[in-house]
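Asks: One structure follows; several queries about it will come next.
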Amino acid sequence: MESLDLGRLTENMLAQHRRSERNEKIFGIFRALGPFVGLIALWWGVHAIFDPSPTKLVAPDKVVDAFFESVGEGVLPAYILQSLQRLGFGVIIGVVVGIPVGWLLGLDKEIAKAAEPTLRFFNAVSGIAWLPLLVTWFGFTERTISSIIIYTMIFPVVFNTMVGVRTVPPVLRDAARSMGASWPRIIKDVYVPGSFPSVMTGLRLGIGFGWRALIAGEFVVGGGGLGFFIFDARTAGVIERVMLGMIVLGVLWLMIDRLILRPVEEYTATKWGMVRQ
Amino acid sequence: MTALAPVGARQTIWDRVKVVLVPAIPFLLILAVWASVRTIYDHPISVLPRIIDVIEVPFREERYWSNVRASIWRLVLGFTVAATTGIFVGLIAGLSRRVAQTLNPLVTAMNAISGIAWIPLAIAWLGVGTSMVVFIIWNAAFFLIFGNTMLGVRLTPQILEESLLTLGANRWDVIRQVVFPGALPYIMSGLRAGLGFGWRAVIAAELVGATSGLGQWIFEQQEFARADNIVAGALTIGVIGLLMDRVLLAPLERRTIERWGLVESSA
């Protein structure tokens, strides 16, 4: 009886399983796209029925045209690059300043007690509120935009780093010390890996807030960037570019978040995260 | 015991003083640096105002209070609409697993296009003014509240619902007694985050698209190079945001979680 060939049977089952998994994946993509198809249909319907002025709403195909047009002109790629550069610069400063400060607060309870309320207060004064003051100081310049990004992202980074360092169980530190580890060694092998998942969470939050601050900064300051692209298109009354800019903004953020930040955060959490209990 | 009591009491008084004094140190330090920089360099008011000038603003500037009122009023308006629509739609969508799953990607996408990004489009649609700002607040808060409510409903244990149905309850009883209280902690987190984002959105929207309000006022003061008014305005924005969160929402959230949260007894 050939049907009892176990090897082939398992192979068949595996293939079937793989197929159903692939189907599930494809189905999942369709399911995720479903509501957007509905939204675009609604958009098209509203546009067809009400026929609004082209400075208020255009049909979705106009937005697609605008995409190819502005990519062809090279405006959109250049502005996207500019926004990403600004964000990247802010992130670097945020990491260089925020993580050490968070470490200091995490390691020393007395300093943390003294500094926390001040930090919480300035965290509550959103970066956007400082925009006018920054403009009087630095004018409509790159420095204004960088300042608002750094200011906005530094607080989540500091707080989460602090929490991460603080929640490293003292027993691990004591265990390392009782086995004769030096302080640098304890920091390197206990605190850095122990606090890493929380630091990553802080970075992800901080970059998210920084991204919003960047858009607001580019609205006000101008001088290129995606925020400027949207705002400028509004002033010129080209609504398809406004909507295009918004969509690019959302897609870009989802890509940064889902393809870079979340995987890195999850990786650190599974590699170094402490499973409770 | 009796001999030790006074020592303990004295310690608590000192501790209490310390609890207030120590956190004040960084604030005082900032003020000291500010005052000394101001005295040494004597910057014009457009760059660095005197501390006393900033403190005087609420008493000196007539337009300060009307603008504070305008901003808060817009926040109340937009947030009320966002909270009612968000909770209502979230509850309904959460009741069906399929609807919730279908709508989830949309919520994610809408949260990615943050409230602030809608400002130019909202200006094109509604013009400059209160209705635009209210729309932006609604936009910033709605999807957070909606998403959280939906999540809360979905995470309510099915067994509670089923046990009530076995006892002869109807759909409405289940919603009132299980779904809503079960989702309440999530709803509260959504409301709290929504109010925070909403307040930031008010300021951003007013900055570029309003004729009144705190955001517009500080932006206008920038044209007159009045840093004293700008700093007072920015600090006011922070204080209002902090008060709303700490006095109103954080205690409310804590109490909801204590009362209705599904805390696993860990003792």
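Asks: Under 12 Å Cα to Cα from B:Lys18, which aspartates and glutamates show up? Leave out anything in the same chain fewer than 8 places away.
Replies: The reachable aspartates and glutamates, counting only those whose Cα sits under 12 Å from B:Lys18, are A:Glu110.
Asks: What full-extension length gain, to one decimal in nm, is calculated for B:Thr12 and B:Phe224 as 0.36 nm per residue of separation minus the Cα-Cα distance?
Replies: Numbers: separation 212, 0.36 × 212 = 76.32 nm, distance 5.03 nm.
Taking B:Thr12 through B:Phe224 to full extension adds about 71.3 nm, to one decimal.
Asks: Near A:Lys271, which aspartates and glutamates are there with a Cα under 16 Å away, not counting those fewer than 8 places off in the same chain?
Replies: A:Asp189
Asks: Simple spin-label model, 7 Å along Cα-to-Cβ: B:Ala169 to A:Thr10 in nm?
Replies: The two pseudo-label positions are separated by 4.9 nm.
Asks: On to the next question. When the helix-only estimate is applied to chain A (DSSP H runs of n ≥ 4, each -39,500 (n - 2.57), divided by the residue count), what is the mean residue ellipticity at 222 nm, nearest 500 deg cm²/dmol?
Replies: -28000 deg cm²/dmol
Asks: Can you give the FRET efficiency to the nearest 0.05 for A:Arg185 and B:Thr80, using r as the Cβ-Cβ distance and R₀ = 45 Å? Intermediate results must be reported in sequence, preceding the final value.
Replies: Working: r = 56 Å, r/R0 = 1.25.
Efficiency at R0 = 45 Å is approximately 0.20.
Asks: Taking 0.36 nm per intervening residue step and subtracting the Cα-Cα distance, what contour gain separates A:Arg22 from A:Glu110 on full extension? Please list the in-between numbers first.
Replies: On the way: separation 88, 0.36 × 88 = 31.68 nm, distance 5.50 nm.
Computed gain between A:Arg22 and A:Glu110 is 26.2 nm.
Asks: Tell me whether region A:1-120 comes out rounded, prolate or oblate; compute the Cα gyration tensor, take square roots of the eigenvalues as a ≥ b ≥ c, and use a/c under 1.5 as the rounded threshold.
Replies: It is oblate, given that a/c is not under 1.5 and a/b is not larger than b/c.
Asks: Rg to Rh for region A:60-272: what is it, with Cα atoms only and Rh by Kirkwood?
Replies: Rg divided by Rh gives 1.08.
Asks: Right, something else. Using only Cα atoms and rounding to the nearest 10 degrees, what angle (0 to 90) does helix B:214-223 make with the longest principal axis of chain B?
Replies: So the helix axis and the longest Cα principal axis differ by about 30 degrees.
Asks: So, one more: In the neighborhood of B:Ala122, defined by Cβ-to-Cβ distances under 15 Å, what is the net charge if each Lys or Arg adds +1 and each Asp or Glu adds -1? Could the numbers behind the result be given before it?
Replies: Values: positive: A:Lys56, A:Arg234, B:Arg74; negative: B:Glu206.
Neighbour charge sum, excluding B:Ala122 itself: +2.
Asks: Mind pulling the angle between the C-alpha long axis of helix B:97-112 and the longest principal axis of chain B? Nearest 10 degrees, somewhere in 0 to 90.
Replies: That helix lies at roughly 10 degrees to the long axis.
Asks: Right, another one. Going by how many other Cβ atoms sit within 10 Å of their own, how do B:Thr156, A:Thr268 line up, fewest first? Spell out each step's value before the answer.
Replies: On the way: B:Thr156 20, A:Thr268 17.
Least to most surrounded, the residues fall as A:Thr268, B:Thr156.
Asks: What's the long-distance tail for region A:172-216, i.e. % of Cα pairs beyond 18 Å?
Replies: On the way: 483 of 990 pairs.
Summing the P(r) tail past 18 Å for region A:172-216 gives 49 percent.
Asks: Relative to the longest principal Cα axis of chain B, at what angle does helix B:5-41 sit, 0 to 90 degrees, rounded to 10?
Replies: 60 degrees
Asks: Between the alpha-carbon centers of region A:156-233 and region B:161-240, tell me the distance in whole angstrom.
Replies: Centre-to-centre (Cα) distance: 25 Å.
Asks: Write down Rg/Rh for the protein assembly as shown, rounded to two decimals, with Rg from the C-alpha atoms and Rh from the Kirkwood relation over Cα pairs.
Replies: Numbers: Rg = 26.7 Å, Rh = 26.4 Å.
Computed over Cα atoms, the ratio is 1.01.
Asks: To the nearest 500 deg cm²/dmol, what mean residue ellipticity at 222 nm is calculated for chain B from DSSP H runs of n ≥ 4 alone, each contributing -39,500 (n - 2.57), summed and divided by the residues? Before the final figure, lay out the partial values.
Replies: Working: 12 runs with 212 residues, N = 267.
Helix contribution divided over all residues of chain B: -27000 deg cm²/dmol.
Asks: In percent, how large is the relative contact order of chain A, given Cα pairs closer than 8 Å and 6 or more residues apart?
Replies: 22 percent
Asks: Can you give me the three principal axis dimensions of region A:2-50 from its C-alpha atoms, in Å, biggest first?
Replies: Reported extents, whole Å, longest axis first: 68, 14, 6.
Every number in this text was worked out from the coordinates using simple rules, so none of it is lab data. Here the structure is a predicted model, which is why all the values come from computation and not from measurement. Please note: Cβ atoms are built from the backbone with ideal geometry, for glycine as well, and neighbour counts cover all protein chains shown.
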